[in-house]
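I have placed the structure first, in the form of structure tokens, so that the comments after it can refer back to it.
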Amino acid sequence: MAQHILLTGGGGYIGGTILDQILSLTNSPIKPKNLTVTLRSEQQIKALSDMSVHAIALDLNDEEAVKEAVLSNNVDIIVHIASALEPAIASHLIKALGERRKVSNGEAYFIHSSVTAAFSKENGWPFGEVKDTDTLYDMEKQLPAGHPVRDADILVTDVARAEGVISLIVVVPVVYGMGSGEFRRTSSSIPSFLRTSIADQVVHRFDKDAHPAMTHVSDMAALYILLLEKILNKAPLPMGEKGYYFAMAHKVSWWDVMQKLADALYRRGLVNEAKVEIWPSDEMAAQHLGWPRQFVRAMGTSSGDIIPVNAFKIGWQPKWTAERFLGSMDVEVQAVLEQGDKFQSTLYDSILNA
Ligand SMILES: NC(=O)c1ccc[n+]([C@@H]2O[C@H](COP(=O)([O-])OP(=O)(O)OC[C@H]3O[C@@H](n4cnc5c(N)ncnc54)[C@H](OP(=O)(O)O)[C@@H]3O)[C@@H](O)[C@H]2O)c1
């Protein structure tokens, strides 16, 4: 029976929060003794080992090392959170699970992390409103190759099918809130708006509003845990070509978020006025926010008509709503001030590498 779990990116924002939630589970089929976490820093490995977590250094770009780690730890399930848009890494991990299957004669599962923003007009999605129960694999396959999210999703499903591995794709929205992992506790999007606003002493918004999909990091981690529990309990799940999970708890207006950020920053004396100005140009926005220029418009102004069905159908119950989020901007500011420049999100690295 599939049992042993490998978590990549357990030192990061979402991965660290998943790890923290796993360590506090009671009455769950997920057992911390059946978990291995991959990291890149010796310091982080030592810190997690001191907490009795089985943490290993693993270069995910090294195909042989990945295979060896999966086989020697009897890994049946991989939750892939690190640099999920790099196809080579996903391919190494799935192929290693394929090898493991040959030895275990059991099932092997790969949980991939994708990005909701890809399903928006601004990002080249031509099909309009879409549910995760629609024929997403076929729809993505019709798009021209070259978009990192689309390429990674298709590769995951295709390689997994070829290797006899069961794949699931969690499509991650804009994630917010303070993480509960040991290391990186802040996300990418809201913190980059906050850091830029503090540096510029003014909050900017794009000239067009958007309502992106959003989820609090604790709810995001809870979905990965729910999927793991279902797998371990052998519950039926949408998988393979049908295994997409839009992990959207709610939408929110970026313009409302920016106004709340301006209010929260002004209360702390971190901007000159509780007023939001329009970015003079996309070039300036990309430069100040540290976002890849080619994606800045899509990242700042895309909504995406996505309708999440699968996660709710299997029992996901996010606790955070748009109202709760808009009322919690001071926590976002506090998290960024506490974290400082200690950790940078790797989200944009993975987009650029891809
Ligand atoms: N946060 C969001 O709002 C958001 C939105 C959409 C999608 N996602 C997706 O969700 C995943 C996790 O995001 P996150 O916010 O948790 O990012 P994060 O805080 O940057 O965490 C990523 C983790 O993966 C590790 N990592 C990155 N690249 C790696 C590589 N090439 N080899 C090995 N390890 C690597 C990092 O290691 P180090 O600690 O050593 O750097 C870190 O522990 C990403 O795949 C991202 O694309 C996130």
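Are any residues in segment 98-129 under 10 Å from residue 165 (Cα atoms) and within 16 Å of the ligand (Cβ to nearest atom), and if so, which ones? Across segment 98-129, the qualifying residue is only 110. In segment 133-152, of all residues being in contact with a Lys or Arg (Cβ under 9 Å, 6 or more places away or on another chain) and within 15 Å of residue 244 (Cβ to Cβ), the one that is nearest to the ligand (Cβ to nearest atom) corresponds to 150. Listed by position, the strands (runs of 3 or more DSSP E) enclosed by segment 1-80 include none that has at least 3 residues that are within 11 Å of the ligand (Cβ to nearest atom) and acidic (Asp, Glu).
Taken over segment 30-53, the residue count meeting the criterion of being surrounded by 13 or more Cβ atoms within 10 Å (Cβ to Cβ) and either touching a Lys or Arg at 6+ places or on another chain (Cβ under 9 Å) or among the basic types (Lys, Arg) (or both) is 2. Here is a check on your reading of the model: is residue 56 surrounded by 24 or more Cβ atoms within 10 Å (Cβ to Cβ) and of a type outside the set (Ser, Thr, Tyr)? Judged against the criteria, residue 56 is not a match. Each residue in segment 85-112 was checked for being open to solvent by less than 10 Å² (accessible area, probe 1.4 Å) and within 20 Å of residue 150 (Cβ to Cβ), and 8 of them qualify.
Can you find a residue that is free of Cβ contacts under 8 Å to residues at least 60 places away in the same chain and either within 16 Å of the ligand (Cβ to nearest atom) or part of a strand (DSSP E or B) (or both) anywhere in segment 178-192? Checked against the condition, which is being free of Cβ contacts under 8 Å to residues at least 60 places away in the same chain and either within 16 Å of the ligand (Cβ to nearest atom) or part of a strand (DSSP E or B) (or both), segment 178-192 yields no hits at all. For segment 188-221, the set of residues classified as among the aliphatic types (A, V, I, L, M) and open to solvent by 10 Å² or more (accessible area, probe 1.4 Å) consists of 198, 199, 202, listed by residue number. Residues in segment 298-331 that are charged (D, E, K, R) and modelled with pLDDT under 95: 305 only.
The values are calculated or read from the model by the stated rules, or taken from the named source; none is laboratory data. Just so we're clear, the structure is a prediction, and the values are computed from it rather than from any experiment. Methodologically, a virtual Cβ is constructed for each residue, glycine included, from the backbone with ideal geometry; neighbour enumeration extends over all protein chains shown. What goes into the accessible areas is simple: the full protein's heavy atoms, side chains included, and nothing from ligands, DNA or RNA. Shrake-Rupley method; radii C 1.70, N 1.55, O 1.52, S 1.80 Å.
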